[in-house]
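Single-structure report; data block below.
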Amino acid sequence: MSIAANNAGASAPSSRAAAPQTAAQTSAPGFAAAHRAMEPTGKLINIDNGGTLTDICVIDGARIYRTKTVTTPYDLSKCLFEGLKKASRTIYGEEDLQRLLLSTDFIRYSTTQGTNALVERKGPRLGLILGGSLSAERLRAAPQANELAKSLLGDRIETLVDGLQGEALETAAVRAINALASAGAVRVVVAWGGAERGAREAQLKRVLLRTFPPHLLGSIPLLYSHEVADDPDDVRRTWTALFNAFLHPAMEHFLYNAEHKLREYRTRNPLLIFRNDGQSARVAKIIAIKTYSSGPRGGAEGARALAAHYGFARLLSMDVGGTSTDIGLVDGGVVRAHQRGEVEGVPTSFPLSDVVSVGVGGSSIIRAVGGSIVVGPESVGSMPGPACFGLGGKEATITDAFLLMGLLDPASFFGGELKIDVERARAAIADKIAKPLGLSEQEAVQQMEAAWVAKIADSLKAFTRITPETTLAAFGGAGPFVVCKVAEAAGISRVIIPGLAAVFSAFGIGFSDIGHSFEAGLAKNDDASLAAVRAALLAQAQRGMFAEGASLDECRIEATLNVSARDGERTLVLDGERLPADLPKDAQLSLKLQVIKPITHAQLRGAFGKVGKAAVADAARRTLSGGQWQELSLYRVEEQAAGAHAQEPCVLEEAFFTCRIEAGWQFEINEAGDIMLSRA
């Protein structure tokens, strides 16, 4: 994909200078570099740390370098720095991490650490103190909430009697803390229900600080729900605080450790963490829950830029990695999102993009169960990986199947850096699929493919209505594999594969700016209360952005009003300093200011439909396609000229992805390296 560094959305002059290409580098006519007023733009590094692989995308003016490294779940800083060192070798021809980091303006980072910790329930034992109108029964009311409460809290919940004051309140609060600590809690959330939530929680904070000052060894961290989110919905706010408390320790340890190591190389700016709201912030200014599902949001931001550039009215995206397929939608230029996002079916106080993660990917375990083939949701991940990786894996995966079908070439897979073993794949499929179902090897791999395709296609149709205007964006290392089959099964006739498909979520992170949201409720539903809250939030915003190295004069400020009434919640954009006249009398109002400091990011280039030469085949590949073995033309994506096209069953391949084009489909590769597939 051809891009240009773009400063705060300014247009950049084009450059026609071509640059040499390698398997891990993209460059094409149409690139351009934007500049700050008096200094050149440095490199931009985007990192997406996934469950199986960690993707790195380095943007250097007219060039993009990308690479991948195997995720090391036991120490995420290891794969982070291994990936950066690998990128430096690609750029300079030798390892020089110091040089890379010193020439970089911004490092944006996204990780699945928090998401995986919650999925696997690997976190601290939490305790909860409730007061006011809140009760354990209200918290557990929804089925999903009840299951989560069992996992995260168990019986570690204490409720304070309402109306206590002074010494009686202090005695009750201390007893509650001691009881929770005795039950094994190592972090405690305090949540009060009712309109006085902030004042009562602040009162408890003063009381408990006297007895449990944080400077004492072994002091239990106490977290207060109103400090995480000023949300009038008591249950939603409490769950938000619980999720944040659960995710905090692992995220804190890893991210501060990574930032500390980066400082040793004297990086220009702090590490920026990409959040699930589409913006970035430094480690010290981000809460843990904002990292939940941030990786998929990177893909969504990239898809939004792709839709805007090519004019797609409705772009459905599937990001197929090793462990899961993340599905999202850009409709009318907007990423589909929930104003109150859900974590495992439980509503939270913060917005969250509507991205569904389905347990099917390149490393998903495929089993024979009761005479049928079942795909996922379990995955072999990066360790030990698919059987063909030769790292000890014995389960069958779609990667093993595609290898036996001839789609993957052991010599070129993963850019030739990861040698794969055909015989290990054959043994796993024979043991787990063919023998249990009484199938031949050829029948087994075809049925594995059919089951894998069906699960993804069914998930796409369940996520949204497929219309004639729907275009499918396929990315992630496994996204392009058999995307024509997936599109056919879903009823879609046009597909785009971004030129940076294999690292597209990492690339999408680069469209973020530095931003924060500040929200508070109005004491009364009048203009005076609105003005008072606005002034208080602006003061918070000034302090918050100062910590990011920015003044409010450099920022864009967007004001919205959240209206919570009997008929539900809605959000209104405020373009003045007065409340709308038609608000319900019983509505609870809160003002949110989103403050954004634009920083350098990417700009897309390229167009389809230009007259070009026929694509030039590099070789042929014997592949099981359409139920029979065929010699299919092999097209190397990096070697094609702008406008290259072909209409035939064939195989497209580049350094980090392979795609089989089915009968009845045609492809076009534009000057940016993006690929359009359409049914003839």
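Taken as a whole, region 613-622 holds at least one residue that is out of contact with any Ser or Thr (no Cβ under 7 Å at 6 or more places or on another chain), within 14 Å of Leu407 (Cα to Cα), in contact (Cβ under 8 Å) with a residue 40 or more places away in the chain and of a type in the set (D, E, K, R). As for region 206-214, it holds no residue that is polar (S, T, N, Q) and modelled with pLDDT of 90 or more. From the set of residues in region 430-443 that are in contact (Cβ under 8 Å) with a residue 40 or more places away in the chain and within 20 Å of Gln628 (Cα to Cα), which is surrounded by the fewest Cβ atoms within 10 Å (Cβ to Cβ)? Applying the filter and picking the extreme gives Gln442.
When you go through Ala535, Ala520 one by one, which is the residue that is of a type outside the set (Phe, Trp, Tyr), surrounded by 14 or more Cβ atoms within 10 Å (Cβ to Cβ) and either over 26 Å from the mean Cα position of the chain (by Cα) or not in a helix (DSSP H, G or I) (or both)? Let's see the steps before the verdict.
On the way: Ala535 fails: surrounded by 14 or more Cβ atoms within 10 Å (Cβ to Cβ).
Exactly one of Ala535, Ala520 is of a type outside the set (Phe, Trp, Tyr), surrounded by 14 or more Cβ atoms within 10 Å (Cβ to Cβ) and either over 26 Å from the mean Cα position of the chain (by Cα) or not in a helix (DSSP H, G or I) (or both), namely Ala520.
Considering region 118-127, and only residues there that are out of contact with any Pro (no Cβ under 9 Å at 6 or more places or on another chain) and buried (at least 20 other Cβ atoms within 10 Å of the Cβ), the residue that is modelled with the lowest pLDDT turns out to be Leu118. When you check Gly508 against the structure, is it over 30 Å from Glu654 (Cα atoms), assigned to a helix (DSSP H, G or I) and touching a residue at least 60 places away in the same chain (Cβ under 8 Å), yes or no? Criteria not met by Gly508.
Name every residue in region 590-607 that is among the polar types (S, T, N, Q) and closer than 16 Å to Arg108 by Cα, in order of residue number. Walk me through it before giving the result.
Narrowing region 590-607 to residues among the polar types (S, T, N, Q): 590, 594, 600, 603.
Correct list: Thr600 only.
So that you can scan it fast, the table gives a plain yes or no per residue for (1) free of Cβ contacts under 8 Å to residues at least 40 places away in the same chain; (2) closer than 28 Å to Gly132 by Cβ:
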| residue | (1), (2) |
| --- | --- |
| Asp231 | no, yes |
| Phe243 | no, yes |
| Ala250 | no, no |
| His253 | yes, no |
| Leu262 | no, no |
| Tyr265 | no, no |
| Ala281 | no, no |
| Ala284 | no, no |
| Ala288 | no, yes |
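Among the residues that make up region 122-136, is at least one of them under 27 Å from Gly345 (Cα atoms) and in a helix (DSSP H, G or I)? Yes, region 122-136 contains a residue that is under 27 Å from Gly345 (Cα atoms) and in a helix (DSSP H, G or I).
Considering region 560-627, the qualifying strands (runs of 3 or more DSSP E), each wholly inside and each with 2 or more residues that are exposed (fewer than 14 other Cβ atoms within 10 Å of the Cβ), run over 568-573, 619-625. Of all residues in region 536-547, those satisfying the criterion of being under 22 Å from Arg197 (Cβ atoms) and of a type in the set (A, V, I, L, M, F, W, C) are Ala536, Leu537, Ala539.
How about region 331-386: which of its residues are of a type in the set (A, V, I, L, M, F, W, C), within 30 Å of Gln279 (Cα to Cα) and not in a loop (DSSP other than H, G, I, E, B)?
Just the residues of region 331-386 that are of a type in the set (A, V, I, L, M, F, W, C), to begin with: 334-335, 337, 343, 346, 350, 352, 355-356, 358, 360, 365-366, 368-369, 373-375, 380, 383.
Subsequent filtering for residues that are within 30 Å of Gln279 (Cα to Cα) retains 334-335, 337, 343, 346, 350, 352, 355-356, 358, 360.
Within region 331-386, Val334, Val335, Ala337, Val343, Val346, Leu352, Val356, Val358 meet the criteria.
Whenever a residue of region 552-576 is closer than 22 Å to Ala528 by Cβ, its partners that are of a type in the set (Gly, Ala, Ser) and surrounded by 13 or more Cβ atoms within 10 Å (Cβ to Cβ), lying with C-beta atoms within less than 6 angstrom and at least six residues away or across chains, give the pairs Asn562/Ser590; Val563/Ala587; Ala565/Ala587; Leu574/Ala559. Hey, can you tell me all the residues within region 222-267 that are polar (S, T, N, Q), in contact with a Ser or Thr (Cβ under 7 Å, 6 or more places away or on another chain) and crowded, with 23+ Cβ neighbours inside 10 Å? Listed by number, the residues that qualify are Ser225, Thr238, Thr240.
Restricting Asp458, Asp431, Asp400 to residues that are assigned to a helix (DSSP H, G or I), acidic (Asp, Glu) and under 23 Å from the mean Cα position of the chain (by Cα) narrows the list to Asp458.
Taking the criterion of being farther than 19 Å from Ile599 by Cβ and outside any strand (DSSP E or B), the residues of region 101-121 that qualify are Thr112, Gln113, Gly114, Thr115, Asn116, Ala117, Leu118, Val119, Glu120, Arg121. Residue check: Val380 meets all listed conditions (1) farther than 27 Å from Asn244 by Cα; (2) among the β-branched types (Val, Ile, Thr); (3) within 16 Å of the chain's Cα centre (by Cα) but one, namely (3).
Can you pull out every residue in region 268-279 that is crowded, with 19+ Cβ neighbours inside 10 Å and either among the polar types (S, T, N, Q) or at pLDDT 95 or above (or both)?
First pass over region 268-279, keeping only residues crowded, with 19+ Cβ neighbours inside 10 Å: 270-279.
The answer is Asn276, Gln279.
Among the residues of region 353-372, those that are under 29 Å from the mean Cα position of the chain (by Cα) and either on the phi > 0 side of the Ramachandran plot or of a type in the set (Val, Ile, Thr) (or both) comprise Val355, Val356, Val358, Val360, Ile365, Ile366.
Can you name the residue in region 63-83 that is of a type in the set (Val, Ile, Thr) and outside any strand (DSSP E or B) and is also surrounded by the most Cβ atoms within 10 Å (Cβ to Cβ) among such residues? Can you show your working first?
Let us first name the residues in region 63-83 that are of a type in the set (Val, Ile, Thr), namely 64, 67, 69-72.
Still in the list and also outside any strand (DSSP E or B): 71-72.
Working: Thr71: 27, Thr72: 16.
Per the criteria, the residue is Thr71.
Within the option set Ile107, Ile157, Ile177, being touching a residue at least 40 places away in the same chain (Cβ under 8 Å) and either over 30 Å from Leu44 (Cα atoms) or surrounded by fewer than 21 Cβ atoms within 10 Å (Cβ to Cβ) (or both) holds for one residue only, Ile177. Residue count for region 304-330 under the criterion of being within 12 Å of the chain's Cα centre (by Cα) and not in a strand (DSSP E or B): the result is 2.
Pick out, from region 632-680, the strands (runs of 3 or more DSSP E) lying fully within it that include 2 or more residues that are among the aromatic types (Phe, Trp, Tyr) and touching a Ser or Thr at 6+ places or on another chain (Cβ under 9 Å).
Working: elements: 644-646, 650-653, 658-661, 665-669, 675-679.
The strands (runs of 3 or more DSSP E) meeting that bar are 665-669.
The values are calculated or read from the model by the stated rules, or taken from the named source; none is laboratory data. It should be emphasised that the depicted structure is a prediction, and the values quoted were computed from it without experimental measurement. Every residue, glycine among them, receives a Cβ derived from its backbone with ideal geometry; neighbour counts consider all protein chains shown.
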